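Structure first, then comments.
The values are calculated or read from the model by the stated rules, or taken from the named source; none is laboratory data. Treat the numbers as computed from the prediction; the structure is a model and nothing was measured. Virtual Cβ from ideal backbone geometry, glycine too; neighbours counted across all protein chains shown.
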Amino acid sequence: MVNIEEFIKRLEKLLDYYGLTASSFADKIGVQRSSMSHLLSGRNKPSLDFILKITEFFPEVDLYWILNGKGNFPKSDISEKQNEPVLRMENIPNDLFRTSSAEGSDLKTESPKTEQKSSYIGNVEKIVMFYSNGTFKEYKPE
């Protein structure tokens with residue numbers, strides 16, 4: 001049997017380790033956000049499908065550890081760096097989408113060209129006018 005309070009603690013440890021919110025964790029493993037919320041509140045117990053999705057998307061998670069608390073997290077043979085977040089922000093530049101003035105000077109901007117289409121439609125064959133009382137008049141050029 002899974003002790004739900006202990007399972008919640010292990011699940012929260014997973015969230016902290018990967019630096020994820022409950023909703024982003026749910027999205028990552030492909031479950032509904034509400035099911036994640038119900039698990040963390042203790043309302044529901046984890047399903048086998050939920051446990052298997054965790055171990056599928058996060059191979060560092062030991063099946064026995066997530067279920068009973070026995071074993072290690074993360075698995076020692078996969079990751080020897082314990083308590084180090086997987087995602088690092090140090091390699092991402094702050095101005096990712098900005099261009100320097102030197103790079104910007106090479107860019108040429110073109111003004112949009114408007115095409116004028118010929119307004120020649122052809123010869124008018126007939127004009128029909130419809131009236132609100134259901135009648136109509138037809139005009140034909142001579």
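A few comments on the model shown:
- Matching entry among I54, I66 (being under 14 Å from A22 (Cβ atoms), surrounded by 14 or more Cβ atoms within 10 Å (Cβ to Cβ) and among the aliphatic types (A, V, I, L, M)): I54
- Residues being in a helix (DSSP H, G or I) and of a type outside the set (S, T, N, Q) - total across the range 43-61: 9
- Filter result for V61 (surrounded by 15 or more Cβ atoms within 10 Å (Cβ to Cβ) and either touching a residue at least 24 places away in the same chain (Cβ under 8 Å) or in contact with a helix residue (DSSP H, G or I) (Cβ under 6 Å, 6 or more places away or on another chain) (or both)): yes
Yes/no per residue for (1) in contact with a strand residue (DSSP E or B) (Cβ under 9 Å, 6 or more places away or on another chain); (2) at pLDDT 80 or above:
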| position | (1), (2) |
| --- | --- |
| A102 | no, no |
| D106 | no, no |
| Y120 | no, no |
| Y131 | yes, yes |
| G134 | no, yes |
| K137 | yes, yes |
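- Every residue from the range 4-20 that is touching a residue at least 12 places away in the same chain (Cβ under 8 Å) and either under 18 Å from G69 (Cβ atoms) or among the small types (G, A, S) (or both): I4, E5, E6, F7, I8, R10, L11, E12, K13, L14, Y17, G19
- Inter-residue pairs, beta-carbon under 7 Å, first free of Cβ contacts under 8 Å to residues at least 60 places away in the same chain and closer than 10 Å to F50 by Cα and in the range 21-35, second loosely packed, with under 12 Cβ neighbours inside 10 Å and among the polar types (S, T, N, Q), 6+ apart: A26/Q32
- Per-region count, the range 23-37, residues under 24 Å from K75 (Cβ atoms) and loosely packed, with under 12 Cβ neighbours inside 10 Å: 1
- Residue ID - nearest to the chain's Cα centre (by Cα), chosen from residues in the range 1-20 that are closer than 19 Å to T55 by Cβ and of a type in the set (D, E): D16
- S41 polar (S, T, N, Q), more than 16 Å from E12 (Cβ to Cβ) and without any contact (Cβ under 8 Å) to a residue 60 or more places away in the chain: no
- Comparison of L40, L20 shows that the only residue that is assigned to a helix (DSSP H, G or I) and over 17 Å from K75 (Cβ atoms) is L40.
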